[in-house]
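Participant: Okay, handing you the structure first.
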Amino acid sequence: MTEKKNDCVFSKMSRQYRPSVHFTPPAGFMNDPNGLIFDGAHYHLYYQHNPDAAFSANICWGHAISTDLLNWKDQPIAVPATIDGQAYTGCAVLDRDNSSGLFPNAHGTNIAALYTRSLPTRQSQYLAVSTNNGQSFEEYQGNPVLDIGSPNFRDPQVFFHEPTRKWVMALAEVEKHQIGFYGSTDLIHWTHLSNFGPAGLPAVNYECPNLIQICDEHGALRWVLFVSINPGSPMGGSVTQYFIGEFDGAVFTPSDAILRMTDFAKDAYAMQVYSGLQPGEAVTLAWMGNWQYCQELPTQDWRGAMSLPRRLSIRQDPNGYPRLVQTPMNIEKLRRTLLCEKAAYLPKGAHRDISLPTGRAIELVIRLKVDESYQTDPAISGPEINRFEIAFANDAGEKLSVGYDVPSAQIWLDRSKLRGFDHPFYTGRFATPINTALYPDARMLDLHLFLDGCAFEIYANEHLETGTALVYPGKPLDMLRLKADGIGVTIDHFELYTLDKTMCRETL
């Protein structure tokens, strides 16, 4: 009887943690997004999926479709595991003009998938085509289309390079710590073009490359190469880094030696960008997870979530360096207003509590300006503490906080005071600097926060800084506390919303 009671409580907690806006699997385990493609009518989300258990094994391609990247409809398994191996990460492309010759009698969208078949001693690249608008795929009879005899050779991403009139594949040559580039005119026969790396962070594995063009603030197209690494993140475990440079159809050349990461926290990995969009338009999803603890999270019948859809752009920061801007998409249509204010003042040492509904996704948009900082009492010899904190909390003393330390111009994300999950690698605190030269007044800051079940996302500094974290409180976080510590704060703009549920999943 005791065991059954514990199972019941654990199942209830699992539902509590399941997001209502972020995509999660119907059951089982989910990791990398795969084959992200817009076919002109629907956005397809294929994903690494074990439908039978909430851990990584027997991986196939799960599938869901959407017209807005938020309201998803589950579809049947698109690419199953076979005797040739598990269906690992890959991509999907539109071959509109049948340049491959694979679609002579097609009457729908010409969608081809390229992905890794993985066996314990070998990974090779497979090709499959869909004649029913991406609902299922038939494998090419001549598979594999690319095999170098390696056990660690995976995650192809393919795009059509218009200037050289060929398909280009980027994929991870893991043991070399390199990204290999290959070219083809028919998606079947591939020729080696070049290799990139090792570069950036030292790591054990290179994975999930994406090479795309992204528009900057002047409308110019910039080549950006994303490379996921695991382990090797400075925060621990897995992370995605990116390089900005030039690509001539064969060789990618970075424009500088600066190390850039897509996230300052710990739970955004295997970022993949949608194909089938207009040139320069970049829309992405990332897996919210970290391989250090993703298979031990405190949920029972499911594990894994995707980030919110994000539109990517490039912006030059005040130091003159091009940086990635990540902006969440289409959220406005889901909003239900809880509170909107302007020009509210929170005096030094004061706090304000706001009740939150439970079981609802929460969005907070805030723009603030701190008072001028100066030491009023010369007799005080201790450190100057000037901070502003936003905390999602409950009466059990738990809190998830985001804050701004004024003297150091840094923001933090602190999940260490939540009690629903304990693991030696589940790092509690993260921080990143804010470049105040970006603002008209150096004492300003903007924050954009989402709390949705176990999914927490923070965007700051006009979306130049992004933090993604999985959060597991022991009890629901039903209070929002604003606190000014050592300095007064003017809240120029404050918007608090609940978000309508988009997923047909049981949540609390």
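Computed from the coordinates by the stated procedures, all read-outs in this text should not be read as laboratory data. All of these numbers come straight from a predicted model, not from anything done at the bench. All Cβ positions, glycine included, derive from the backbone under ideal geometry; neighbour counts span all protein chains shown.
Participant: When the chain is fully extended, how far beyond the present Cα-Cα distance does N152 get from T490, taking 0.36 nm per residue of separation?
Facilitator: Stretched out fully, the N152 to T490 stretch lengthens by 116.3 nm.
Participant: Add -39500 (n - 2.57) for each DSSP H run of 4 or more in the chain, then divide by its residues: what number comes out at 222 nm, to the nearest 500 deg cm²/dmol?
Facilitator: Using -39500 (n - 2.57) per qualifying helix, the result is -1000 deg cm²/dmol.
Participant: By how many degrees, 0 to 90 and rounded to 10, does the Cα axis of helix 2-17 deviate from the longest principal axis of the chain?
Facilitator: 90
Participant: Moving to a separate point now. Just subtract the alpha-carbon distance of R419 and A250 from 0.36 nm times their residue separation and send over the number in nm, one decimal.
Facilitator: 55.8 nm
Participant: Test of understanding: what is the full-extension gain from D478 to I77, defined as 0.36 nm times their sequence separation minus their Cα-Cα distance?
Facilitator: 140.6 nm
Participant: What whole number of Å gives the distance from the Cα centroid of region 401-437 to the Cα centroid of region 48-94?
Facilitator: 33
Participant: Quick one: Karplus J couplings for region 63-80, per residue in order, coefficients 6.51, -1.76, 1.60, θ = phi - 60°, nearest Hz, x for Gly and Pro?
Facilitator: Rounded to whole hertz, the list is 8, 8, 10, 7, 9, 9, 6, 10, 8, 10, 10, 5, 10, x, 3, 8, 9, x.
Participant: Something else: Are any of the pairs K399/K483; K333/K417; K73/K475; K73/K501 more than 22 Å apart by Cα-Cα distance, and if so, which?
Facilitator: K333/K417; K73/K475
Participant: Can I ask one more? Using a Förster radius of 30 Å, what is the FRET efficiency between L277 and E138 based on their Cβ-Cβ separation? Nearest 0.05, please.
Facilitator: 0.75
Participant: Can you match Cα Rg over 2.2 N^0.38 Å to one of these, [x] 1.73; [y] 1.00; [z] 1.06, based on a calculation from the structure here?
Facilitator: Only one listed value fits the structure, namely [y].
Participant: What FRET efficiency comes out for R352 versus L201 if R0 is 30 angstrom and r is the Cβ-Cβ distance? Round to the nearest 0.05.
Facilitator: With a Förster radius of 30 Å, E is 0.15.
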